[in-house]
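Trainee: Let me begin by handing over the structure; questions about it come next.
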Amino acid sequence: MLGRFRRKQGANTQTGVQEQDIGVSNSVEQQGEKPALHVHMPGFNHNGHKVTRGIKPDGESGRGGIHPWHFIRICFRSTSHISMIVNVLWPFVPAAIVIHFARPDLHLWNFILNYIAMVPTANLVGFAGQELARKLPKVFGILLETFLGGIVEIVLFMVLLHNDVNNNLVPVIRAAILGSILANLLLCLGFCFFAGGLLREEQEFDEVISEVGHGLLLMAGFGLLIPTAFYASLRGSIDDALLESKTLNISRITSVILLVAFFIYVYFQMRTHHGLYDSVLEKDEERDRDRHEDLKKAKLTLTECVFALALALTCVSLHAVFLVEEIDYIVTKRGVPDAFMGLILVPLVEKAAEHLTAVDEAWDNQMNFALAHILGATIQTALFNSSLVVIVGWGLDKAMDLNFEVFNIVILIMSIIVVGNFLRDQKSNYLEGSLCILIYVLIAIASWYYPNPAAGTSNTAEGAGTKAGG
């Protein structure tokens, strides 16, 4: 009786407090003032784990520190079945490092092993970035995940620029910039449309993601086109040395402007219009067909995410250095054109993790998430990464500019127009995906047969170009 009386008294007290709160709220509203809203994070998440302050419930692991067995098991399972299959390639990582130091004379094998080894390490960068993004607000998490996915690309660009001698690797860097954009816009987006279209007649996505992304891509394409158009229009009219100097200056100024555009885009997403993106992405989460399975999966701790990123980036950097050292041999001795090396081979390996993540999201009917990753990564390459490599080259006193081959820049502009046409109706199907993939295949075939232009021809300046190109 006494226990029952106390429970009843407690219930009445709680009810009284609630009524008092309601009364206060009503009196505040009557006075024309808005009541203060206090939103509290849930104490426990879907798996019953106590939520750490500052960590989102979906990213709470329920653990702390580093647990080796859990770390290996979670990383091996990765985000999807495809990513898990990619992790089977991890034995190539130590093999590539060993053969680089043991048999540096085996150039072809060094290139092949390091090329393959970059795939699982890039996959780990993508997975650790995704795990870290789960612990953060949605928009900021996607931006961080996209940036971490682009780290592999930045490392490769910086290694190529560092190893450049007399502009012998500049054509490869230029081609790799455009190739990275094409790999995202055509190959990755094509596979997303195709994979999602296999299970559904059509998939819909929001105009907030597609319109803003396509508008920025058009602006980036226009910016990247200007130095090329300037050089091609005036070539033969004025002294070549003067023209090259002016083109280099225009490229550097363009890079600064593109960087400003990128930071405005980030501010737009994170500060002024983040609510629009939040609502769109939350609806996408509700459409996720296996969200219940994703929520139940064991997750990395914050410490494990940082450790995984440090490990993966170290391996990626090593393989990038070893890979770039063999590019000159592959181009000069094996006859692989600069265009194919830059447009196809380099972007495919650097973008592996991002592509796997985006295709898995499209398969799970999260097309807005997939588009956010694809367009976000493409915009980062076009506005940030391309500008960064020019500015770093400026600091190293290297003639790294945005004077692309006319063949490459025309392909880029046409690809942006084609993809924009597919995004216009805010719907996708497997037909559009197939067409994007086929266009990419055509570009790959053309780049294989595209010869290395001799120095002083096309948009190649005197003294530039790989050794194969003179």
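Readers should treat all values here as calculations from the given coordinates under stated rules, not as data from a laboratory. The shown structure was predicted, so the numbers you read here are calculated from the model rather than taken from an experiment. Neighbour counts run over all protein chains shown; Cβ positions are idealised from the backbone, glycine included.
Trainee: Taking only pairs that are 8 or more places apart or on different chains, how many Lys pairs in segment 61-469 have Cα atoms under 18 angstrom apart?
Mentor: 9
Trainee: Can you compute log10 of I(q)/I(0) for segment 61-469 with the Debye formula, treating each Cα as one identical point scatterer, at q = 0.07, 0.10, 0.11 Å⁻¹?
Mentor: -0.32, -0.66, -0.80
Trainee: Taking Rh as the Kirkwood radius, which is the inverse of the mean 1/r over Cα pairs, what is the Rg/Rh value for segment 130-179?
Mentor: Rounded to two decimals, Rg over Rh is 1.21.
Trainee: Rounded, prolate or oblate, given the Cα gyration tensor of segment 137-208, with a/c below 1.5 counting as rounded?
Mentor: Oblate, since a/c reaches 1.5 and b/c is not below a/b.
Trainee: Oh, and also: What list do you get for Met270, Met118 if you sort them by fewest beta carbons within 10 Å?
Mentor: Placing the least packed residue first, the sequence is Met270, Met118.
Trainee: Residue by residue through segment 301-310, which ³J(HN,Hα) values in whole Hz follow from phi under the Karplus form 6.51 cos²θ - 1.76 cosθ + 1.60 (θ = phi - 60°), with glycine and proline marked x?
Mentor: Running phi through 6.51 cos²θ - 1.76 cosθ + 1.60 with θ = phi - 60° gives 6, 4, 5, 5, 4, 5, 5, 4, 5, 5 Hz.
Trainee: With the Cα gyration tensor of segment 335-380 giving a ≥ b ≥ c as the square roots of its eigenvalues, does the rule (a/c under 1.5 for rounded; else a/b larger than b/c for prolate; else oblate) give rounded, prolate or oblate?
Mentor: prolate
Trainee: Mind listing the long-range amide H neighbours of Arg235? Cut-off is under 5 Å, sequence gap 5 or more, other chains count too, H placed in the peptide plane at 1.01 Å from N.
Mentor: Close amide H contacts, sequence-distant or interchain: none at all.
Trainee: Here is a further query. When Arg334, Arg134 are ordered from fewest to most other Cβ atoms inside 10 Å of their Cβ, what list results? Before the final figure, lay out each step's value.
Mentor: Working: Arg334 12, Arg134 21.
The fewest-first ordering by Cβ neighbours comes to Arg334, Arg134.
Trainee: Subtract the Cα-Cα distance of Asp239 and Ile226 from 0.36 nm times their separation in residues, and report this length gain in nm to one decimal.
Mentor: 2.7 nm
Trainee: For a paramagnetic label modelled at 7 Å from the Cα of Phe268 toward its Cβ, which residues of segment 179-220 fall within the zone defined by backbone nitrogen distances under 19 Å?
Mentor: Zone members listed by number: 185, 205-220.
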